[in-house]
Amino acid sequence: MDLETINFKIEDNIAFIELNRPKHYNSLNQTMAEDLFQVSLECDDNPNIRSVLMSGAGEDAFCAGGDVNSFYKYGEKTSSHLKEVTTILHGAISRLSRMNAPLIVAVNGVAAGAGFSFVGFADMAIASSNATFVSAYSKIGLTPDGSSSYFLPRIIGTRRYTELLLTNRVLSAKEALDWGLINKVVDFKDLKDEAHNLAKKIAEGPSLAFGKLKNLVHNSFLDSLEGQMEYEARMIAESAKTKDGMNGIEAFVNKKSVSFKGK
C-alpha cells in the first residue's frame, strides 16, 4: 500500500494507523484523506485485523484538524475542494466506524477540528495528560465535518457540544474524561503502552460479535425500543451461530478457558 501521510502496519492482529505529518501537527489534507480511505478499506476487509489503534506522530498533536493552508490555495474553488476532501474522508470514517474491529485512538496532544471528530467516531479513546480538545471550526467561519455532529452530541450531549462549537472552548484531558469524551487519561510516557495493551486485549476478543455490538450502538439512536430489541434478538442469534459464540458457550458451561479466533 503506497501511503504518503500515514504509517500503517499490521502486527498480532492489530492494525496501527499513525497520522504522519508532525511538522504540520498531523493536519488533514486531501492526500491524508485519500490515505485514510485506503487504510479503512484494508481494516474493513481484512479478517486478520481484529483491533485498530490510531495515533499521531510526534509529541505535539494527535491531529490539529484540516490543513487550512492547503485549502486556502484553492481560492474561489475552496468550496469544491472541501466537498471532494470531505467526501473521501467521510467514506473512510464510515468504514472505520462500521468495521468489525474496534477502533481505539491514542490522543497524544492537540485534537482539533477533524482530530476532535476522530475522537468521536472511535470506539474507545485514551489521552495523555497534556492532550487538549477543541472544535476550532467556527474560529475560521466554518461548520464541523468528519462525523462531528453525529457522534459527539451523543457522547457529551447537545448542550455541551453546542457550547464547544460556539465558543471554541478548549477542553483539558481531565475535563474530557469528566465529560465522557474519552475513557482514560495517562501520562504521556505511558500512552503508547497503555493503548497498545488495550488494542491487544480487544484483538483477543470475539471480533464478529464486536462488529455486531458496534452496529447495535449506532442503531440505538435511530430506532424505537421495539425495533432495537428486535435488532438485539437478531444479533445475539447470529452471534450464537459463529464459532466464537459456540465455543464461548461451551467453555462457559464446561468451566474452561476460551480462545476466540474472530470466526
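Kindly provide the set of residues from segment 180-189 that are part of a helix (DSSP H, G or I) and surrounded by 13 or more Cβ atoms within 10 Å (Cβ to Cβ), ordered by number.
First, pick out the residues of segment 180-189 that are part of a helix (DSSP H, G or I): 188-189.
The answer is Phe188, and nothing else.
In the list Ala114, Ala106, which residue meets the criterion of being modelled with pLDDT of 95 or more and of a type in the set (A, V, I, L, M)?
Ala106
Name the residues in segment 67-100 that are under 28 Å from Ile14 (Cβ atoms) and among the small types (Gly, Ala, Ser), would you?
Gly91, Ala92, Ser94, Ser97
Would segment 224-242 turn up any residue that is assigned to a helix (DSSP H, G or I), modelled with pLDDT under 95 and either in the same structural domain as Val119 (by TED's automatic domain parsing) or closer than 30 Å to Ala111 by Cβ (or both)?
No: zero hits.
As an exercise: evaluate Phe260 against (1) assigned to a helix (DSSP H, G or I); (2) surrounded by 16 or more Cβ atoms within 10 Å (Cβ to Cβ); (3) touching a helix residue (DSSP H, G or I) at 6+ places or on another chain (Cβ under 9 Å); (4) without any contact (Cβ under 8 Å) to a residue 60 or more places away in the chain and give the number of the one condition it does not meet.
(1)
Mind checking which helices (runs of 4 or more DSSP H) fall wholly inside segment 62-141 and carry at least 2 residues that are buried (at least 19 other Cβ atoms within 10 Å of the Cβ) and touching a helix residue (DSSP H, G or I) at 6+ places or on another chain (Cβ under 6 Å)?
Once the helices (runs of 4 or more DSSP H) in segment 62-141 are filtered for at least 2 residues that are buried (at least 19 other Cβ atoms within 10 Å of the Cβ) and touching a helix residue (DSSP H, G or I) at 6+ places or on another chain (Cβ under 6 Å), what remains is 78-98, 114-121.
In segment 236-263, which residues are of a type in the set (Lys, Arg) and under 17 Å from Ala203 (Cα atoms)?
If we filter segment 236-263 for residues that are of a type in the set (Lys, Arg), which is where we start, we get 241, 243, 255-256, 261, 263.
Correct list: Lys243, Lys261, Lys263.
Looking only at segment 149-157, decide whether some residue is among the aliphatic types (A, V, I, L, M) and touching a helix residue (DSSP H, G or I) at 6+ places or on another chain (Cβ under 7 Å).
In the first step, residues of segment 149-157 are kept if they are among the aliphatic types (A, V, I, L, M); the result is 152, 155-156.
Now narrow it down to the ones that are touching a helix residue (DSSP H, G or I) at 6+ places or on another chain (Cβ under 7 Å): 152, 155.
Looking through segment 149-157, at least one residue is among the aliphatic types (A, V, I, L, M) and touching a helix residue (DSSP H, G or I) at 6+ places or on another chain (Cβ under 7 Å).
Somewhere in segment 154-163, is a residue in the same structural domain as Phe121 (by TED's automatic domain parsing), in contact (Cβ under 8 Å) with a residue 12 or more places away in the chain and in a loop (DSSP other than H, G, I, E, B)?
no
Across segment 142-155, what is the number of residues that are under 16 Å from Phe118 (Cα atoms) and surrounded by fewer than 20 Cβ atoms within 10 Å (Cβ to Cβ)?
Within segment 142-155, residues that are under 16 Å from Phe118 (Cα atoms) and surrounded by fewer than 20 Cβ atoms within 10 Å (Cβ to Cβ) number 7.
Residues of segment 117-150 being modelled with pLDDT of 90 or more, aliphatic (A, V, I, L, M) and more than 21 Å from Leu53 (Cβ to Cβ), which ones?
Of everything in segment 117-150, just one residue is modelled with pLDDT of 90 or more, aliphatic (A, V, I, L, M) and more than 21 Å from Leu53 (Cβ to Cβ), namely Val134.
Mind listing whichever residues of segment 115-133 are farther than 17 Å from Leu191 by Cβ and either touching a Cys at 6+ places or on another chain (Cβ under 6 Å) or among the acidic types (Asp, Glu) (or both)?
Asp123
Of the residues Ala233, Ala173, only one is surrounded by 15 or more Cβ atoms within 10 Å (Cβ to Cβ), farther than 20 Å from Ser51 by Cα and not charged (D, E, K, R); which? Explain how you work it out, then say what you get.
Values: Ala233 fails: surrounded by 15 or more Cβ atoms within 10 Å (Cβ to Cβ).
Just one listed residue meets the conditions, Ala173.
Table: residues versus (1) under 16 Å from the mean Cα position of the chain (by Cα); (2) under 26 Å from Phe188 (Cβ atoms); (3) at pLDDT 90 or above; (4) not hydroxyl-bearing (Ser, Thr, Tyr).
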position: Phe37; (1), (2), (3), (4): yes, no, yes, yes
position: Glu42; (1), (2), (3), (4): yes, no, yes, yes
position: Asp45; (1), (2), (3), (4): no, no, yes, yes
position: Arg50; (1), (2), (3), (4): yes, no, yes, yes
position: Gly58; (1), (2), (3), (4): no, yes, yes, yes
position: Ala64; (1), (2), (3), (4): yes, yes, yes, yes
position: Ser70; (1), (2), (3), (4): no, no, no, no
position: Lys77; (1), (2), (3), (4): no, no, yes, yes
position: Ser80; (1), (2), (3), (4): no, no, yes, no
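Of all residues in segment 164-179, which are closer than 26 Å to Tyr72 by Cα, of a type outside the set (Ser, Thr, Tyr) and assigned to a helix (DSSP H, G or I)?
Leu164, Leu165, Leu166
Which numbered condition trips up Leu198, out of (1) more than 27 Å from Thr87 (Cα to Cα); (2) at pLDDT 95 or above; (3) crowded, with 22+ Cβ neighbours inside 10 Å?
(3)
The values are calculated or read from the model by the stated rules, or taken from the named source; none is laboratory data. Every value quoted in this text rests on a predicted model; they were computed, and no experiment measured them. Backbone-built Cβ (ideal geometry, glycine too); neighbour counts: all protein chains shown.
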